[in-house]
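These notes are about the structure you will find just below.
Readers should treat all values here as calculations from the given coordinates under stated rules, not as data from a laboratory. All figures in this text were calculated on a predicted structure; none of them were measured in a lab. All Cβ positions, glycine included, derive from the backbone under ideal geometry; neighbour counts span all protein chains shown.
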Amino acid sequence: MPAEDPVFLRACRREPVSHTPVWFMRQAGRSLPEYLRVREGIPMLESCANPDLIIEITLQPVRRYAIDAAIFFSDIVVPLKAIGIDLDIKPGVGPVIADPIRDKDAVSRLRPLASDDVPYVTEAVKGLVAELGDIPLIGFAGAPFTLASYLIEGGPSKNHDRTKALMYGEPDIWQSLMSALTEITIGFLRTQVAAGARAVQLFDSWVGAVAPEDYTRYVMPYSEQIFAAMADVPRIHFGVGTGELLGLMGEAGADVVGVDWRVPLDDAARRVGPGKALQGNLDPSILLAPWEVVEPRARQVLAQGRVAEGHIFNLGHGVLPNTNPDQLARLADLVHEVSAR
């Protein structure tokens, strides 16, 4: 008799589970002393191109926490770097693009990503699958709107002014740019799945900057293409500040809609509608408070998540750098204990 799929994958598919699965965005990274040790003196993009380092960093939280999934250690700009875009990740700043893309000729510099462009990704995923055993590995990529914002703005932006100006004022260039980024994103995700990733998450970190009408017209068609191309594995869709977009994000084709901390999960379930699981959504800042504050809020998230057809416990965004790892360990244990059926 075949073994039952891991609880994380079952929850993604809205199937019965023995407990609510849990993992944390940015669970591998800055909050772990062992991460800081292995990364010392090594630039971020160099770390993301070293298979041994990718494997080690991805596994670090799995060793510490009773989590139900691992997420591939990388960065959303890795595929852009791999196709020749001149960029760097500057500490304390984020991705910085040497020559921003703001016209038709610049868009022509983008080309599809092949697995041969990122051999370190294939090697690392295969190594991780062998190490993780029954724990599923989540592959991930940045969504076209968020990638476009970095490329157009030249780096992180508070208001995404240049991005939205091009989106509104140069729709033909916008379409070409988003189509190119869609192909790059699909290539990056397919490379991870082909090597053994068992689910994928699309991070549209900055899409909360657009209104629902603009999301429908300028963003959603490209998300739909990506999710349609990845239909062989569970698909998670996450953005920040997307409370007004949750229903549309649910229509874009993912199996799971990630919810940030601003919208209670029971309300999010109504906004997203039937046929989707939810992921989230404890405010990561709460983990900086004493455990007596964290525990009731975590229990509240679990209670609200029961309204959804499937629930994966997570934070409403990534683990903050100054989070005590012991808080996350207690939180993972609590989720399993409280939700056990």
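Quick notes
- The charge dipole of the range 7-339, taken about its Cα centre with unit charges on the Cβ of Lys, Arg, Asp and Glu (plus for the first two, minus for the last two), comes to roughly 380 debye.
- The label-point distance for Ala66 and Glu292, in a model that sets each label 7 Å from Cα toward Cβ, rounds to 2.4 nm.
- Debye log10 I(q)/I(0) for the chain, one point scatterer per Cα, at q = 0.06, 0.08, 0.12 Å⁻¹: -0.19, -0.35, -0.82
- Packing-based exposure ordering (other Cβ within 10 Å, fewest first) of Tyr218, Tyr150, Tyr168: Tyr168, Tyr218, Tyr150
- Span-like helix ranges in the chain, DSSP H, alpha carbon extent 30 angstrom or more, Kyte mean at least -1.0: 171-195
- Evaluated at q = 0.13 Å⁻¹: base-10 log I(q)/I(0), Debye formula over Cα of the range 1-121: -0.70
- Taking amide H as placed 1.01 Å from N in the peptide plane, Asn314 has its amide H under 5 Å from the amide H of Gly280, Asn281, Leu282, each at least 5 places away in sequence or on another chain.
- Contour excess over end-to-end distance, with Cα ends at Asp105 and Arg341 and 0.36 nm allotted per residue: 79.2 nm
- Amide H contacts of Gln201 (H built 1.01 Å from N, under 5 Å, at least 5 apart or other chain): Gly139, Phe140, Ala141, Ile236
- Bridgeable lysines around Lys104 (alpha carbons under 19 Å apart, same-chain partners fewer than 8 residues away excluded): Lys164.
- Viscosity 1.306 mPa s, 10 °C: Kirkwood-radius Stokes-Einstein D of the range 116-180 over Cα pairs, µm²/s: 110 µm²/s
- Cβ-based exposure ranking for Phe145, Phe313, in which fewest neighbours within 10 Å come first: Phe145, Phe313
- The range 8-85 and the range 306-326: distance between their alpha carbon centers, rounded to Å: 14 Å
- Note on the chain: dipole from Cβ charges, positive end direction compared against Val107, Ala148, Ala268; the farthest Cα belongs to Ala268.
- Segment Asp134-Ser176, extension gain: residue separation times 0.36 nm, minus the distance between their alpha carbons: 11.1 nm
- Note on Trp174, Trp23: ascending count of other Cβ atoms within 10 Å places them as Trp174, Trp23, the fewest first.
- Inter-site label distance for Glu123 and Arg217 at 7 Å from Cα along Cβ, in nm: 4.7 nm
- Convex hull (Cα only) mean projected area of the range 240-341, reported in nm² to one decimal: 6.2 nm²
- Cα centroid separation, the range 105-144 to the range 273-289 (Å): 26 Å
- Share, in percent, of DSSP beta bridges within the chain that are antiparallel, nearest 5: 15 percent
- Among Val301, Ile135, Gly239 - extreme Cα towards positive end, dipole of the chain, charges at beta-carbon: Val301
- Calculated from backbone phi, Karplus (6.51, -1.76, 1.60) coupling profile of the range 29-40 in Hz, x at Gly/Pro: x, 4, 7, 9, x, 5, 5, 4, 5, 6, 8, 4
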